[in-house]
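What follows is calculated from the coordinates using simple rules that are stated; it is not laboratory data. Treat the numbers as computed from the prediction; the structure is a model and nothing was measured. No Cβ is skipped: glycine too gets one built from the backbone with ideal geometry, and neighbour counts run over all protein chains shown.
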Amino acid sequence: MRILILAAGYATRLYPLTLHQPKPLLPVGGRPILEHILDRVSSLEEPADCAVVTNHRFAETFAAWGKQYRAIRPDLHLKIIDDGSTSETDRLGALGDLAFVIEQERISEDLLVIAGDNLFDAPLSDFVAYGRRIGKPIVAVYDVGDLEAIRRYNNIRLDEEGRVVFFEEKPKHPEGTLTAIALYYFPSETLGHLRQYLAEGESRDQPGRFIEWLCRRYPVFSWRLSGRWFDIGDFQMLETANRSFAED
């Protein structure tokens, strides 16, 4: 299994904070968001290759951080990948970055994908074990508990087996408060489905668009995430997450 953390966005909603600092390296509870995510990765039983894809503007910043982090966690095989983009106008998008890394790194194994602004404290071992056991794409789901909040994300519906049978991005009339988050387990055959998705000219940006497309054609299953989850998309959520993790 390979691991990829998507960290190539420009986080314009957090300007000026992210003009010169990538969002995944912003501190929450005294540590960069990315290090909280890597804590979850490091808790997996087996060592794995972990790539962090970033844009060219922040590649040196990530490289400097990575040098310090490797000194602390030499057990984690960490690689920083520069996607070559320099601004919002030429960015590849999250799915474009996913495809870029798959091709550049010649990935053919199962792939664990995590967005670099998704902050959570649940362990990943059961999530990965479930994906391996059933051999199907798995998306983590979380109950935000608020019909107004769900409008910022996506709304999903599951069947009795936990299969995703309905998915809608940014719902105007949500049916519930369960959302799919940017934490995915993709068996190796799913990588071919991603190539098909992009070849059809679909959106290269939001990862959820791929899940929405995928669940209409192939079985996609869910894993309910426990604990805390924050999608660090604006100042309010950053502040809320910072308060929560500062209490640890």
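Under Stokes-Einstein, with the Kirkwood radius over Cα pairs standing in for Rh, what whole-number D in µm²/s applies to segment 1-98 at 4 °C and 1.567 mPa s?
Details: Rh = 13.9 Å.
Estimated diffusion coefficient is 93 µm²/s.
Taking the Cα centroid of segment 60-126 and of segment 203-229, what is the distance between the two, rounded to the nearest whole Å?
After rounding, the separation between the Cα centres reads 19 Å.
Among I181, L225, Q21, whose Cα lies farthest out toward the positive end of the dipole of the chain, if unit charges sit on the beta carbon of Lys, Arg (+1) and Asp, Glu (-1)?
Q21
Set the Förster radius R0 to 45 Å, insert the Cβ-Cβ distance between K67 and Y218 as r into 1/(1 + (r/R0)^6), and round the FRET efficiency to 0.05. Show your work: numbers first, answer last.
Details: r = 40 Å, r/R0 = 0.89.
Rounded to the nearest 0.05, the efficiency is 0.65.
Given the options E105, E200, E169, state which has the largest fluctuation in a GNM of the chain using a 10 Å cut-off (strictly under) for Cα springs.
E200
Which value, in debye to the nearest 20, gives the size of the charge dipole of segment 1-116 about its Cα centre, when Lys and Arg are +1 and Asp and Glu are -1 at the Cβ? Don't skip to the end; give the middle numbers.
Values: 12 positive and 16 negative charges, 95 e Å.
Value, rounded to 20: 460 debye.
If I stretch the segment between L147 and F235 completely, what's the gain in nm (0.36 nm per residue apart, minus their alpha carbon distance), one decimal? Display every interim value, and only then the final one.
Numbers: separation 88, 0.36 × 88 = 31.68 nm, distance 2.06 nm.
That pair, L147 and F235, stretches by 29.6 nm at full extension.
Can you list the residues of segment 25-44 with backbone N under 15 Å from a point 7 Å past the Cα of A246, pointing along Cα to Cβ?
In segment 25-44, the label zone of A246 (backbone N under 15 Å from the point 7 Å along Cα→Cβ) covers 27-32.
Taking the Cα centre of segment 32-175 as the origin, how large is its charge dipole in debye, to the nearest 20, when only Lys and Arg (+1) and Asp and Glu (-1) carry charge on their Cβ atoms? Intermediate results must be reported in sequence, preceding the final value.
Working: 17 positive and 28 negative charges, 34 e Å.
Taking the Cα centre of segment 32-175 as origin, the dipole is about 160 debye.
Express as a percent, rounded to the nearest 5, the fraction of DSSP beta bridges in the chain (both residues included) that run antiparallel. Write out the running numbers ahead of the final one.
Working: 20 of 40 bridges.
Around 50 percent antiparallel, to the nearest 5.
For D121 and R163, calculate 0.36 nm times their separation in residues minus their Cα-Cα distance, and state this gained length in nm to one decimal.
Values: separation 42, 0.36 × 42 = 15.12 nm, distance 2.37 nm.
In short, 12.8 nm is gained.
For K136, list the lysines whose Cα falls under 26 Å from its own Cα; do not include residues on the same chain fewer than 8 positions away.
Leaving aside lysines fewer than 8 places away in the same chain, those within reach of K136 are K170.
Could you compute the FRET efficiency for D205 and E103, with r as their C-beta to C-beta distance and R0 at 22 Å, rounded to 0.05?
After rounding, the FRET efficiency stands at 0.75.
Check the straight Cα-Cα distances from K67 and name the lysines below 17 Å, setting aside those fewer than 8 residues away within the same chain.
Once the sequence-local lysines are set aside, what remains near K67 is K79.
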